[in-house]
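The values are calculated or read from the model by the stated rules, or taken from the named source; none is laboratory data. Note that the structure is predicted; figures quoted are calculated from it, not measured. Ideal geometry is used to build each Cβ from the backbone, glycine not excepted, and the neighbour counts take in all protein chains shown.
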Amino acid sequence: MKIMDFLNEKAICANLKATTKDEVIEELIELLVKANVIKDKKKMIKILLDREALGSTGIGQGVAIPHGKSESVKHLVAAFGISEKGVDFDSLDGEKVYIFFLLVAPEDSAGPHLKALARISRLLKDRYFRDTLKLAKEEKTLLKIMQQEDSKK
């Protein structure tokens, strides 16, 4: 599975303004709303915050993958953002999070959802890749980095 199979090109932000977990989720959802992928912003935020209440999706090493399922999407979609200052996301390692992949899957799609989570997790275990993303200053650069990574496999 390739990142560009589900990452919406219009839902990428190189400089998230959010300073809290809730704000990050809201800002990333807003990107998907502006990209015309999600209609009900409030409902989607609630789905993601409810998922976070079960346990943080901050997986460590400065990475979080907030995710949820909704009947409002027909296929797996993702937004991506970088926070220069980092956000306290209740991460497993207690560190701030700088790199955010937000995934929304249809209610009935366990397979693609899990494959996407696994792909993102594998990619972001690579310190060089994480550092390259964090150094990018604009959305076009982030998109190019993702596309280059996808072309490797």
**OP:** Report those strands (runs of 3 or more DSSP E) wholly inside the range 57-134 carrying at least 1 residues which are over 14 Å from the mean Cα position of the chain (by Cα) and either among the basic types (Lys, Arg) or within 26 Å of Lys41 (Cα to Cα) (or both).
**Re:** 77-87
**OP:** Can you work out which of the residues in the range 66-93 that are β-branched (Val, Ile, Thr) and at pLDDT 95 or above is farthest from Thr20 (Cα to Cα)?
**Re:** Val77
Original post:
From the list Lys115, Lys96, which residue is surrounded by fewer than 19 Cβ atoms within 10 Å (Cβ to Cβ) and modelled with pLDDT of 95 or more?
Top reply: Lys96
Subject >> Of all residues in the range 15-46 being surrounded by fewer than 18 Cβ atoms within 10 Å (Cβ to Cβ) and not charged (D, E, K, R), the one that is farthest from Thr141 (Cα to Cα) >> reply: Thr20
Subject >> Count of the range 38-65 residues which are in contact (Cβ under 8 Å) with a residue 60 or more places away in the chain and either hydroxyl-bearing (Ser, Thr, Tyr) or closer than 15 Å to Glu23 by Cα (or both) >> reply: 1
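When you scan the range 5-40, how many residues do you find that are part of a helix (DSSP H, G or I) and modelled with pLDDT of 95 or more? Break it down stepwise before answering.
Within the range 5-40, the subset part of a helix (DSSP H, G or I) is 5, 21-34.
Checking the rest, the ones that are also modelled with pLDDT of 95 or more come to 21-34.
Residues meeting the conditions: 14.
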**OP:** Looking for whichever is touching a helix residue (DSSP H, G or I) at 6+ places or on another chain (Cβ under 9 Å), among the aromatic types (Phe, Trp, Tyr) and over 17 Å from Glu107 (Cα atoms) here; the options are Phe6, Phe80. Which one fits?
**Re:** Phe80
